[in-house]
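The structure appears right after this line, and notes come after that.
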Amino acid sequence: MKQAEELEAPSTRERILAAALDLFTEQGFDKTSLREVSERVGVTKAALYYHFRSKEEMLSSLVERAHGIGHHGFDVLPLFNGPIDFAAALGTFSALLDQVLSNRKIFVLMERNRTAIEGLGDHDPAHQEEHRQLERQWAEFVANPKISLRDRVRVSAALGAVMAGAVGTTRGLGTDAPEGLKDELLSVLRDLFGLAQPA
């Protein structure tokens, strides 16, 4: 039993990222020191440097998780290459919503540390290129003449609803997603897609 628990224990790297996520969200990236991160995790600064060379590298690793979710969302866009089956699209958006809600704190981090994230391109060209790739994918979808303007607007509004609803509620409701939030957001998506609400 003890061996199984040890296997499930988060790695030092994951514990460092979890501590950095908490501190960057609570007090801001600029106001957080590497010493505070190491103290929160309970490791030396030398151990911290073994896993991450800088605060920027920690922030970049956290933002990569959000980009992964963005890629998942945008990977479905090429499937929308004509009239959209919004009943099927609802399932896709429901899966995306699960990912956003389970990683909600990272999006809160991004919202509260925009200046630091914008500066990541100076430290991490790969991060900058990944961001540009997501922007290109979105631009191709929005400009696709094979999809009606009506459908493009609805998909755009749905993505906005997922992000604004899942992350924007943080301002008034805290960093934990309130119970029932996913159901409320799915109800909004059904309205956008012109689908009947469940009985």
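Each value in this text was obtained by applying a stated rule to the coordinates, not by laboratory testing. Owing to the predicted nature of the structure, the values given are computational and were not obtained by experimental measurement. Positions of Cβ are generated from backbone atoms using ideal geometry, with glycine treated the same way; all protein chains shown enter the neighbour counts.
Structural remarks
- Pairs of alpha carbons in the range 15-68 whose separation is greater than 15 Å (percent): 39
- The label-point distance for residue 35 and residue 188, in a model that sets each label 7 Å from Cα toward Cβ, rounds to 4.2 nm.
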